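A short write-up of the structure that comes next.
Quick note: the coordinates plus some simple rules give every number you see, no bench work behind them. Predicted model, so just to flag it, every value in this text is computed and none were measured. As a convention, Cβ positions derive from the backbone with ideal geometry for all residues, glycine included, and neighbour counts pool all protein chains shown.
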Amino acid sequence: MVYVSRKEYFNAAHKLYNEHWTKEQNEEVFGLCANENWHGHNFELIVTIKGTTIPEVGWVMDMKKLGKLIRENITDKLDHRNLNLDVDFLRNIQPTCENIVVKCWDILFPLIPIHSENRATLYSIQLHETHKNFVEYRGENG
C-alpha cells in the first residue's frame, strides 16, 4: 500500500459562537475566536490517499488530478469566504476545524476511487488552522 498526500491552501474567516449562549459565555468558552467581527486564518489542507500504483506510470493517482479534485470541490468553495455565512456545506454547523475536516471527508471520500481508476481510497485529511493547531480525520466512527 502506498500513501500519497497533496497540500492545498485557503484563506477564510469565521467565528466560533453559540447563539443560545450569552456573549460572556461565548467569550469564556471560545475566547478570541468568538470575536463578533470574525477572525481569519491561512489554512493548510492535506489530503492523503492510499492505494496501489498503476504499473504503466508508477503512481497511485495523478497528483494534478488530485489537486484539481480538492480545489474544485473544497478549497475553491472555502477560499476568501466567511465560513459561517458563505459555504453551503458548512451551513448550520459550528465551523471548527473538526467539523470542517469531517465535511471535507464526506465530499472527497466517494470521489477518490472514481478519479483513481479504483486504485485509491481516501486515507486521511488534515486541516492546519495555525502553526500550532491542526486536526486529522480518517473517517473512523467511535
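Odds and ends about this structure:
- Pick from the stretch 34-67, criterion surrounded by fewer than 15 Cβ atoms within 10 Å (Cβ to Cβ) and among the basic types (K, R), ranking: nearest to P113 (Cα to Cα): K65
- Output for the stretch 40-86, where each listed residue is under 22 Å from Y137 (Cβ atoms), assigned to a loop (DSSP other than H, G, I, E, B) and out of contact with any strand residue (DSSP E or B) (no Cβ under 9 Å at 6 or more places or on another chain): none
- In the stretch 87-112, the residues that are in a helix (DSSP H, G or I), among the β-branched types (V, I, T) and under 21 Å from N35 (Cβ atoms): I100
- Output for the stretch 113-128, where each listed residue is part of a loop (DSSP other than H, G, I, E, B) and buried (at least 17 other Cβ atoms within 10 Å of the Cβ): S116, R119
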